[in-house]
Every structure is written in structure tokens, then in C-alpha cells.
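**Q** This is the structure I have questions about; it appears just below.
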Amino acid sequence: MFRRILIANRGEIAVRVIRACRELGVEAVAVYSDADAGALHLSLADRAVRIGPPAAAASYLSGDAVLAAARQTAADAIHPGYGFLSENHEFAAACAAAGVMFIGPPADVIARMGSKIAARQLASQAGVPVVPGETPSEQSDEAIAAAARRLGFPVLVKPSEGGGGIGMKRVREDAALLPAVAQSRREALAAFGDGTLYVERLIDRPRHVEIQILADHHGHVIHLFERECSLQRRHQKVVEETPSVALTPALRARMGDAAVAVARAAGYRNAGTVEFLLDGTGDEAHFYFLEMNTRLQVEHPVTELTTGIDLVAAQIRIAAGEPLKWPQDHVVRRGHAIEVRVYAEDPMRDHLPQAGPLLLYRQPSMPGIRIDAGVVEGDEISVHYDPMIAKLIAGGDTREAARRRAIEALRTYPILGIRTNVPFLIRLLEHPRFVSGDIDTGLIDAERQALVAGLDAEPPPEVLAVAAAENRNGVGGHLKRTVPDPWESLQGWRG
């Protein structure tokens, strides 16, 4: 086992990895930019090293600065979390060259699976179905357009590199094709430095279902079942759950086997996720390989809650050379789990990110609820990074029990000082289509008006009551109680 691990990240995932290190008896080294000089993860780590100014490019995205911090603290390994350097194959290779273990897959695997084109080819060669598509060797706008016409509308024009829906364009008619290709290439070049494009058939109203896998250095590969990630906004996941109501045992087994086949074909090691598009439900549904995420996922807690397997600890143990201790038939799942991402954003203004101080911040505490957060009251939500405040994970014996717990926890989650998406999340979990399980990747866009109507109104009475009571009684015991009574300083609801 490692003696000391440096966590090359911030916020809730840095806190999560530090806690796993503590449970394993491993020293944890935190890094921080000037914007995070007072962040929660620093107070939890054994050591902390400044790596640069607030801009991510000069700090958390600087492989040189992170490796310098690892050398300075004699860290044996680096855990990248997700985002930032987690899927940067050049950084993984630099870690290997420096004699520091990168807690993730090998650099060549990251590079191969980071190319959507190469990943599709690998999946197809492994016998896993892919969405029909083409990658023209001649990459002119006209050649891409010709490939789209051969497939037939509607189509998706997609960059080979990157993720998060950047550069992805839906095209339903020929007149929109060339402008969409040109815009996709511009966005891909700006975001990823690579304008390579491919086209694939657009599946209307698909579900997005992913399979968690673990692979060690001894030839063992297992899957830990699926996560349903269909509730998305601009290709960014908002709510995740497991199990998926769309999967039967037979379909689940086929998708799990396909994910393991992709991982084996890639020579994968460590934790990863194979993502699929699902067309239909039940045994007659068709699934198609979408991509592989060569890192820990934001939504990993729902898998942990239902399988009892600590994925971060598993990552560390695999990187240290230990074999997996669970054969596939020993991996069992119990109950249901739902995760929602709590963001500093304004749903009424097209989810515009918010920045500012958390004047009041109270995490709900109740049975079946887990909060993964990287903030405490008084912290500042920075303009420099992703505005996620926390993840709320609810577990229950059934989907309905987990759904009700998630709603109740959100209703008693007072956050003042900035707007958040908490009211939007409550509305989403109460939507009839979510209640029935009739969800797909287009639900939020299709139901946007109903989901945001009236969200400028007063917060739920439960939130007001909890906030008022805790401020009167001084309840909380958080690290930073900088404002004695926000009700004296705030004019109206800004939550």
C-alpha cells in the first residue's frame, strides 16, 4: 500500500478521496490554488501545497505544478479525481516517467479510449454494438456532410475528442448540415485542439445507461451493475440512479457482459465506466456503445450505496497492485439509490452559474441520506471553477422510498447567499414522468417550462423553518460561521 497520496483536485471529490486515504491509513496531500486557500479539503488533509493562481490552467490543470508538489512531498501516487487532469494521457505518462503511480488506467489506454473514433472501433471489434456512423478519412466539411447524407437524417455531428456534449450538433435536415459541421469543428478546435469529426445516426428519446467496471493488474475484470443517467441538461447529468427501471435481468446481464468485453479489449485497469445509449426498454431494447470514461464518475456514490463497495478505496488498492477481492458472482446490489447534483445556478435564467458567499449552509441529516460536499458555511463559490456545491444521495428499499427521501432532504437543505438549483431538483423529482420512470435524455428540455415555472417564489416553508430555527439556536457547529444572522442582512429570498 502507498504511504502518501497527492490528490490533484479540489472540492467534494478531493474531500472524498482524502477520507478514503484516512480509512486506508495513507497520508493525504492536498493541493490548492489561491482561490481555494481556505477550502475544506485543505483542513482535512495531512499536508497542503499551493500550486498556482486561481485560473485552472495555471493550477489544477498544470501537470508540471502538480508533479512538482508530488516531488516536494515525496508522494507515492497521485489520485486525479475527475475533471482537470483525470483523463489527460500525457499527464498519466508524465507520472509514470517521474516514478509516481497515477491512480487510473495506463496512459495508452486513456489515449485510446479518449478518442471516440478509436473507442468505437475497439468496441465494434469486441463484438459490442455501436450506433451506426461514419468517420470519413477526408475531413473536409463537405466530406462530413456527405457521410451524414449517406446515414440519413436525423444525425449527430460529433467531435472525436473531449466530452460533455461540446461540439455535438443534432441535424434533422440538409439545409442545417454544413453550418452545423462548421460550428462543431470550431467548437472542437477551441475546446480540444482537434477538429476531427464523425457522424452517427441520431436515436430519438434514448436513455443513457452506464456500467461501472473495475479491473486489476491480475487479469480480473468485473462490473458493478448500471446507473441510469438520462436526466441531463445540455449533455450534463443532473440526476442519476441505480437500478434503471428500463432494464430486465437479461438485458442487465447483456450490458454488463458488453462493458466487461470493452474493458478487456482495451487492456483496462482501475475503475472506469462504459456508457451506452438504450433504445427502448425491457428484453427487446437495443443498446449501443457510446464511450468509455477512464476515471471515477461524479455519480459513483449510487453504486457504492447499493453494492457496499468503496470505489475510491478500490481504485487505490488496484493501483497498489492488489487483486480484486470480489468475483463477479459475489457482487450483489440491494435497494435503490438516487443522486442529485446541487449547483450554484439560477434555473430561471437558463441555469446561469452563480458566484458568491454561502451565508447560510445547512446539510440535511436523516436516515438514508449521504451528502458529498466540499464546502462549509461562509465559503465562497468561485467564478473560476464548476459551481457544484454538493451531491445529495438518497437510498431506500425501493425507488419510491429513495425518491421521497431525496425530496424531503432537499426541502430541508437551506442555502442562502446565492441562488441554487434545489427548487428545480425538487420539481424534477416530483415530475410525473420521473415518478413513473418514463425518462429519456430529452426530458428536461421538453419539460423545461413546467420545471422552472414559478421558481422565483418563496422557498418551501420547511427550508425557512429550519433556517430560522438553526440561526436562533446557533445549531450547526460548522467550521466557518461568519454571519451571525443572515435574516438581518438579506433582503428577500435568494436561495
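**Q** Out of all Cα-Cα pairs in segment 19-68, roughly what percent, to the nearest whole number, are more than 13 Å apart?
**A** 56
**Q** For segment 256-313, restrict the atom set to alpha-carbon positions and state the Rg and Dmax in Å.
**A** Rg then Dmax for segment 256-313, in Å: 12.8, 37.
**Q** So if I average 1/r over every pair of distinct C-alpha atoms in the chain and take the inverse, what Kirkwood radius in Å does that give? Walk me through the numbers before you get to the answer.
**A** Numbers: mean 1/r = 0.0425 Å⁻¹.
Across the chain, the inverse of the average 1/r is 23.5 Å.
**Q** On to the next question. For q = 0.13, 0.15 Å⁻¹, what log10 I(q)/I(0) does segment 207-452 give under the Debye formula with an equal point scatterer on each alpha carbon and no solvent?
**A** Debye intensities relative to I(0), on a log10 scale: -0.82, -1.07.
**Q** Restricting everything to alpha-carbon atoms, can you work out Rg to Rh for segment 160-252 with a Kirkwood hydrodynamic radius?
**A** Result for segment 160-252 is an Rg/Rh of 1.07.
**Q** Using alpha-carbon pairs under 8 Å, 6+ residues apart, how would you state the relative contact order of segment 4-103 in percent?
**A** That works out to 29 percent.
**Q** Got a sec to turn the phi values of segment 239-255 into Karplus ³J(HN,Hα) couplings, 6.51 cos²θ - 1.76 cosθ + 1.60 with θ = phi - 60°, whole Hz, x for Gly and Pro?
**A** In residue order, the calculated couplings are 10, 10, 8, 8, x, 7, 6, 7, 9, 8, x, 5, 5, 4, 5, 5, 5 Hz.
**Q** With unit charges on the beta carbon (Lys/Arg positive, Asp/Glu negative), name the residue among Pro53, Ala75, Asn9 whose Cα is farthest towards the positive pole of the charge dipole of segment 4-103.
**A** Final value for the positive-end residue is Ala75.
**Q** Spelling out what I want: for every residue of segment 14-24, take phi, set θ = phi - 60°, compute 6.51 cos²θ - 1.76 cosθ + 1.60 (Karplus), and round to whole Hz; glycine and proline get x.
**A** Once θ is set to phi - 60°, the couplings for segment 14-24 become 5, 4, 4, 5, 4, 5, 5, 4, 4, 5, 8 Hz.
**Q** At 7 Å along Cα-to-Cβ for each site, give me the label-to-label distance between Gln328 and Ala175 in nm.
**A** Placing both labels 7 Å along Cα→Cβ, they lie 5.1 nm apart.
**Q** With +1 on the Cβ of every Lys and Arg and -1 on the Cβ of every Asp and Glu, and nothing else charged, how large is the dipole of the chain about its Cα centre, in debye rounded to the nearest 20?
**A** For this selection, approximately 460 debye.
**Q** Place a label point 7 angstrom from the Cα of Arg201 along the Cα-to-Cβ direction, then list the residues of segment 126-142 whose backbone nitrogen is under 17 Å away.
**A** Counting only backbone N, you get 128-135.
**Q** Please work out how much length the chain gains when fully extended from Ser137 to Arg71, using 0.36 nm per residue of separation minus the C-alpha to C-alpha distance, in nm with one decimal.
**A** 19.5 nm
**Q** Tell me, Kirkwood radius of segment 221-273 from alpha-carbon pair distances, in Å? Present the calculation step by step, with values, prior to reporting the outcome.
**A** Details: mean 1/r = 0.0808 Å⁻¹.
Hydrodynamic radius (Kirkwood, Cα only) of segment 221-273 equals 12.4 Å.
**Q** Also, I was wondering about something else. Per residue of segment 39-52, what does 6.51 cos²θ - 1.76 cosθ + 1.60 with θ = phi - 60° give for ³J(HN,Hα)? Whole Hz please, x for Gly and Pro, Karplus curve as stated.
**A** 6, 4, 5, 5, 6, 8, 7, 6, 9, 9, 10, 6, 10, x
**Q** Over all directions, what mean area does the Cα convex hull of segment 132-201 project, stated in square nanometres? Don't skip to the end; give the middle numbers.
**A** Numbers: hull surface 15.5 nm².
Its Cα hull, projected and averaged over all orientations, spans 3.9 nm².
**Q** Note the full-extension length gain between Asp310 and Gln121 as 0.36 nm times their separation in residues minus their Cα-Cα distance, in nm to one decimal.
**A** Net length gain for the segment: 64.9 nm.
**Q** What is the set of long-range amide H partners of Asn421 at a cut-off below 5 Å, with H atoms built 1.01 Å from backbone N?
**A** Tyr343, Glu345
**Q** So for the chain, taking the charge dipole from beta-carbon charges (+1 Lys/Arg, -1 Asp/Glu), which of Pro301, Leu359, Val340 sits furthest toward the positive end?
**A** Pro301
**Q** Now for a separate question. Modelling each spin label as a point 7 Å along the Cα-to-Cβ direction, I'd like the Asp438/Tyr82 distance in nm, to one decimal.
**A** 2.9
Throughout, read-outs are computed from the coordinates displayed, never taken from laboratory work. Computed from a predicted model, the values in this text were never measured in an experiment. Positions of Cβ are backbone-derived with ideal geometry, glycine not excepted, and every protein chain shown enters the neighbour counts.
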